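Please read the structure below before turning to the comments.
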Amino acid sequence: GEKVEQHESTLSVREGDSAVINCTYTDTASSYFPWYKQEAGKSLHFVIDIRSNVDRKQSQRLIVLLDKKAKRFSLHITATQPEDSAIYFCAARDYGNEKITFGAGTKLTIKP
Amino acid sequence: GGIITQTPKFLIGQEGQKLTLKCQQNFNHDTMYWYRQDSGKGLRLIYYSITENDLQKGDLSEGYDASREKKSSFSLTVTSAQKNEMAVFLCASSQGKNTEVFFGKGTRLTVV
């Protein structure tokens, strides 16, 4: 089955700088790649996604890049703010079914 | 908007006990999921269901049963609680392929 690896378990950046979180996946058939944010003591909520028919998507300060050849996708957070501090999870959804596999999470800390 | 309600919020059980976690959603979503979140290990899929009375095993289904008797509810049973499965159990739902997944606030299981 699909395996999603999230490369950075922790990441610390200065406020205003950019943060990049990288993920790789194993199943070439995966076609949908969402990202979720989990703030301290709370559940996960959706932040952005990308489908396999595009290689870039932007929503305000969030950019997702997808490299299907390398089976790699990444989340870029630009002009980081203190409220960006959280655990971020990448995920991949199989093409043929509803199963979603998550990475282990990256704890992002924004330093003042 | 909608909401996913998980009950109970905290569950304490004895080793070997059978325990049931409940989840209700009012999004009218077809697909529902149960994930287990262990500290530092991300989310692992236990069971999911694409419609009423459907059950699909995830990567971590051994030791668990699930039931989807109604579209709006999805319950998870720990068949024999073990101390090494203390974790937060997250219920989620989505409308279908390539759509946002919404999460509940979780049930924290403690086994004594």
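The values are calculated or read from the model by the stated rules, or taken from the named source; none is laboratory data. Not measured: the values here are computed from a predicted model. Neighbour counts run over all protein chains shown; Cβ positions are idealised from the backbone, glycine included. Surface areas here come from the heavy atoms of the whole protein model, side chains and all, with no ligands, DNA or RNA. Shrake-Rupley method; radii C 1.70, N 1.55, O 1.52, S 1.80 Å.
So here's what we get for this one:
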| quantity | calculated |
| --- | --- |
| Positive-pole candidate from A:THR26, A:ILE63, A:SER52, dipole of the range A:9-67, charges at beta carbon | A:ILE63 |
| Surface accessible to a 1.4 Å probe, per residue, for the residues of chain B, Å² | 50 |
| Cα gyration tensor category, rounded, prolate or oblate, for chain B with a/c compared to 1.5 | prolate |
| Sequence-distant residues sharing a close amide H with A:SER30 (under 5 Å, placed H) | A:TYR95 |
| Percentage relative contact order, chain B, counting C-alpha pairs under 8 Å, at least six apart | 36 |
| Chain A: antiparallel DSSP beta bridges as a percent of all, rounded to 5 | 90 |
| Cα centroid separation - the range A:31-48 against the range A:57-99, whole Å | 9 |
| Average beta carbon contacts from partner chains per residue of A:43-51, 10 Å cutoff | 4 |
| Fraction of accessible area attributable to carbon and sulfur, the range B:10-112 (%, probe 1.4 Å) | 44 |
| ³J(HN,Hα), Karplus 6.51/-1.76/1.60, whole Hz, each residue of the range B:90-96, x for Gly, Pro | 10, 9, 8, 8, 8, 6, x |
| Antiparallel DSSP beta bridges within chain B, percent to nearest 5 | 90 |
| Qualifying aspartates and glutamates (Cα of each under 12 Å from Cα of A:LYS107; at least 8 residues distant if same chain) | A:GLU8, A:GLU39, A:ASP84 |
| Separation in nanometres of the label points that stand 7 Å from Cα toward Cβ, at B:ASN28 and A:LEU62 | 2.6 |
| Phi-based couplings in Hz for the range B:22-31 (Karplus 6.51, -1.76, 1.60; Gly and Pro marked x) | 10, 9, 10, 10, 10, 7, 6, 6, 7, 9 |
| Heavy atoms of B:ILE3: accessible area, 1.4 Å probe, square angstrom to 10 | 90 |
| Dipole-positive endmost among B:GLY58, B:LEU43, B:TYR33 within the range B:28-77 (Cβ charges, Cα centre) | B:LEU43 |
| Overall form of the range A:40-112 per C-alpha gyration tensor (a/c, 1.5; a/b vs b/c) | oblate |
